[in-house]
Amino acid sequence: MSDFAIARRRMVEKQVQARGITDVRVIDAMLKVPRHKFVEAALASQAYSDYPLPIGERQTISQPYIVAAMSEALQLKGDEKVLEVGSGSGYQAAILALLADQVFSVERIPALARRARLVLNQNGFSKVNIRLTDGTYGWEEEAPFEGILITAGAPEIPDSYIKQLAVGGRLVIPVGDRGSQILKRVTKLSEGDCRVENLLDCRFVPLIGAKGWESE
Ligand code: SAH
């Protein structure tokens with residue numbers, strides 16, 4: 001086994017399983033995706049460490065546990081169509097590609113969208129569709145989605161996401177102020193009726209756009 005594969009296995013045991021993630025599909029996906037390929041070469045040796053890492057443009061790839069917790073919260077079985085907002089490095093999109101049928105991911109920063117697309121293609125995740133735009137509008141042409149995952153912190157829940165969520169589907173989104181948020185899961189019970197659960201405290205970079213924060 002390569003050093004990276006050993007580090008990956010240790011990451012899954014010590015950071016993911018030890019903290020209560022039990023969905024075997026999520027655990028399996030985290031064992032498979034080469035996280036070190038989604039960060040710059042100089043940071044590859046830290047790719048499996050228990051913290052977020054910079055990916056350029058003042059953005060970050062989330063801590064492995066947060067990726068696992070958000071992925072598990074979507075409760076995917078494998079046949080779903082999902083939307084991610086905040087492609088960043090492309091790592092979370094790669095995990096979603098192993099958990100769902102179709103993956104659509106939106107990024108607002110051109111350099112990140114370009115690199116995520118390249119790294120996903122080079123590592124066998126070319127089924128992920130990446131679009132460069134303000135993701136606070138969702139991806140209307142592809143809706144409805146059984147799962148929507150927002151990987152940037154929102155001031156409130158944009159109505160576009162509730163509209164584009166399939167009945168029975170789940171939206172996982174950090175909501176709060178610019179510096180800290182609560183990860184929420186919104187389950188669409190029927191048109192016009194949702195259940196909202198608070199999952200955990202988290203810190204994401206801001207969701208910037210028409211239905212998010214203004215840029216700094
Ligand atoms: N999921 C990523 C990490 C995301 S960091 C990964 O696995 O690496 C948050 C990302 O959200 C940043 O890349 C940021 O540019 C992006 N973002 C912020 N607001 C956005 C918006 N309105 N639409 C699309 N992307 C947005």
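The values are calculated or read from the model by the stated rules, or taken from the named source; none is laboratory data. Computed from a prediction, not measured in an experiment: that's the story for all the values here. Backbone-built Cβ (ideal geometry, glycine too); neighbour counts: all protein chains shown.
Among residues of the range 177-199 that are touching a residue at least 24 places away in the same chain (Cβ under 8 Å), those with a beta-carbon under 6 Å from a residue that is surrounded by fewer than 11 Cβ atoms within 10 Å (Cβ to Cβ) and of a type outside the set (D, E, K, R) at least six positions away or on a different chain give the pairs LYS184/ASN198.
Take the conditions on the phi > 0 side of the Ramachandran plot, more than 9 Å from the ligand (Cβ to nearest atom) and either assigned to a loop (DSSP other than H, G, I, E, B) or in contact with a helix residue (DSSP H, G or I) (Cβ under 6 Å, 6 or more places away or on another chain) (or both) and apply them to GLY20. Does it pass?
Details: on the phi > 0 side of the Ramachandran plot: yes; more than 9 Å from the ligand (Cβ to nearest atom): yes; either assigned to a loop (DSSP other than H, G, I, E, B) or in contact with a helix residue (DSSP H, G or I) (Cβ under 6 Å, 6 or more places away or on another chain) (or both): yes.
In short, yes.
In the range 1-24, the residues that are surrounded by fewer than 13 Cβ atoms within 10 Å (Cβ to Cβ) form Cβ pairs under 8 Å with partners that are assigned to a loop (DSSP other than H, G, I, E, B), at six or more places apart or across chains, as follows: ARG10/TYR48. For the criterion of being polar (S, T, N, Q), over 14 Å from the mean Cα position of the chain (by Cα) and closer than 21 Å to GLU40 by Cα, SER126 passes.
Taking the criterion of being more than 12 Å from the ligand (Cβ to nearest atom) and under 14 Å from the mean Cα position of the chain (by Cα), would at least one residue in the range 82-92 satisfy it? Yes: the range 82-92 contains one or more residues that are more than 12 Å from the ligand (Cβ to nearest atom) and under 14 Å from the mean Cα position of the chain (by Cα). Restricting attention to the range 145-168, and to residues there that are small (Gly, Ala, Ser) and closer than 17 Å to ARG203 by Cβ, which single residue is surrounded by the most Cβ atoms within 10 Å (Cβ to Cβ)? For the range 145-168, the residue satisfying everything is GLY153.
Can we say ILE95 is closer than 23 Å to SER215 by Cβ, among the β-branched types (Val, Ile, Thr), in contact (Cβ under 8 Å) with a residue 12 or more places away in the chain and surrounded by 15 or more Cβ atoms within 10 Å (Cβ to Cβ)? Can you show your working first?
On the way: closer than 23 Å to SER215 by Cβ: no; among the β-branched types (Val, Ile, Thr): yes; in contact (Cβ under 8 Å) with a residue 12 or more places away in the chain: yes; surrounded by 15 or more Cβ atoms within 10 Å (Cβ to Cβ): yes.
Criteria not met by ILE95.
Residues in the range 98-127 that are in contact with a Leu (Cβ under 6 Å, 6 or more places away or on another chain), within 14 Å of the ligand (Cβ to nearest atom) and in contact (Cβ under 8 Å) with a residue 40 or more places away in the chain: 2 in all.
Screening the candidates GLU214, GLU191 for the property of being surrounded by fewer than 16 Cβ atoms within 10 Å (Cβ to Cβ), at negative phi, within 15 Å of the ligand (Cβ to nearest atom) and more than 17 Å from the chain's Cα centre (by Cα) yields one hit, GLU214.
Of the residues GLY138, GLY147, only one is touching an Asp or Glu at 6+ places or on another chain (Cβ under 6 Å) and more than 8 Å from the ligand (Cβ to nearest atom); which?
Numbers: GLY138 fails: touching an Asp or Glu at 6+ places or on another chain (Cβ under 6 Å).
Only one candidate qualifies: GLY147.
Would it be correct to say that MET1 is farther than 30 Å from ASP134 by Cα and modelled with pLDDT under 95? Yes, satisfied.
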